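The values are calculated or read from the model by the stated rules, or taken from the named source; none is laboratory data. For clarity, every value in this text was computed on a predicted model and none was experimentally measured. Cβ placement follows ideal geometry from the backbone for every residue including glycine, while neighbour counts extend to all protein chains displayed.
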């Protein structure tokens with residue numbers, strides 16, 4: 001009888017010990033898990049960044065600068081892998097993958113993004129900026145911030161605008177001093193509502209095509225010229241097939257720096273701040289680099305034998321300019337306000 005009583009007490013003691021351990025584990029686990037999730041400290045991650053340009057382009061070097069700043073601020077925990085020159089697909093595919101979190105960041109052309117969000121056409125209002133410095137200054141405007149905010153409905157976190165340069169015209173034959181010089185000419189553009197409208201109103205035949213097809217299209221005469229920034233003109237070597245460059249400055253050309261909202265929400269508040277700070281530093285640097293490259297690229301093109309017309313009278317383009325600005329101001333209050341703010345500076 002004593003043995004049975006002893007065995008019962010032993011089993012009861014063991015059962016209490018097991019239950020106590022389970023309760024302690026359960027009560028500790030949520031706190032420990034929440035703390036680790038909230039802080040994210042010690043978590044390493046390599047982000048994927050995608051874009052359409054070559055590795056020598058200023059957008060790529062800006063992405064590299066972001067990676068450097070990210071690694072520095074996170075003590076090496078956060079890093080990037082960059083996929084240039086449309087390695088991960090066309091921009092429509094890139095954005096879809098960013099939305100789902102398969103890709104973390106994209107430097108997506110404002111031209112493509114303006115097909116998804118009307119207000120982004122503001123950057124393409126004709127002759128709003130006489131040089132790249134003026135365009136870069138508008139990056140800090142309230143209207144630019146509103147444009148980025150609109151992207152949240154698409155599952156995207158709009159972080160900033162980075163720049164490649166202002167848009168100019170490269171032709172196989174002659175300069176582009178007036179609409180009459182462009183009438184009936186097939187001009188390659190990057191697809192965008194505002195760009196399409198502008199070139200149609202000028203009287204040219206706007207032809208949207210990806211960068212990968214432009215070189216041979218110029219070479220074979222499929223197109224007569226291109227609407228292009230100087231950095232892309234140099235890095236893609238289009239000047240090998242067309243020699244007449246007119247510095248028209250008809251538009252500027254930013255890229256919209258976006259992040260997957262899904263991925264951003266997974267980060268700790270500390271890492272979210274690191275990402276934003278690193279990108280701000282990188283884009284600040286990239287803006288100044290783009291401005292510096294405008295002059296350097298122009299000298300490179302002259303040395304390559306390109307004929308350059310550096311200044312034109314924009315008066316012949318005024319009626320087209322007014323038409324396009326009115327058309328898109330009626331579509332978006334942000335665009336209307338953006339034009340007014342830019343003109344007041």
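Brief remarks on what is shown
- Residue among 112, 127 that is part of a loop (DSSP other than H, G, I, E, B) and in contact (Cβ under 8 Å) with a residue 24 or more places away in the chain: 127
- Taking segment 119-153 as the range and being out of contact with any strand residue (DSSP E or B) (no Cβ under 9 Å at 6 or more places or on another chain), under 27 Å from residue 103 (Cα atoms) and surrounded by fewer than 17 Cβ atoms within 10 Å (Cβ to Cβ) as the test, the residues that pass are 140, 153.
- Criterion: part of a strand (DSSP E or B), modelled with pLDDT of 95 or more and surrounded by 22 or more Cβ atoms within 10 Å (Cβ to Cβ) - qualifying residue of 259, 279: 259
- Residue check, residue 250 over 18 Å from residue 190 (Cα atoms) and at pLDDT 95 or above: no
- Of all residues in segment 205-217 being touching a residue at least 24 places away in the same chain (Cβ under 8 Å) and touching a helix residue (DSSP H, G or I) at 6+ places or on another chain (Cβ under 8 Å), the one that is farthest from residue 109 (Cα to Cα): 215
- Checking segment 246-256 against the condition returns no match, with no residue being more than 23 Å from residue 134 (Cβ to Cβ) and surrounded by 22 or more Cβ atoms within 10 Å (Cβ to Cβ).
- When 304, 295 are checked against the criterion of being within 30 Å of residue 56 (Cα to Cα), at pLDDT below 95 and surrounded by fewer than 17 Cβ atoms within 10 Å (Cβ to Cβ), 295 stands alone in meeting it.
- Considering residues of segment 185-213 that are modelled with pLDDT under 95 and touching a strand residue (DSSP E or B) at 6+ places or on another chain (Cβ under 8 Å) only, the residue surrounded by the fewest Cβ atoms within 10 Å (Cβ to Cβ): 208
- Residues of segment 218-238 classified as touching a residue at least 12 places away in the same chain (Cβ under 8 Å) and over 24 Å from residue 107 (Cβ atoms), total: 7
- Segment 290-315: number of residues that are under 20 Å from residue 251 (Cβ atoms) and in contact (Cβ under 8 Å) with a residue 60 or more places away in the chain: 14
- Complete set of residues in segment 154-184 that are part of a loop (DSSP other than H, G, I, E, B) and surrounded by fewer than 23 Cβ atoms within 10 Å (Cβ to Cβ): 155, 172, 173, 174, 175, 177, 178, 183, 184
- Looking only at segment 225-241, and only at residues there that are surrounded by fewer than 21 Cβ atoms within 10 Å (Cβ to Cβ) and not in a helix (DSSP H, G or I), the one that is nearest to the chain's Cα centre (by Cα): 237
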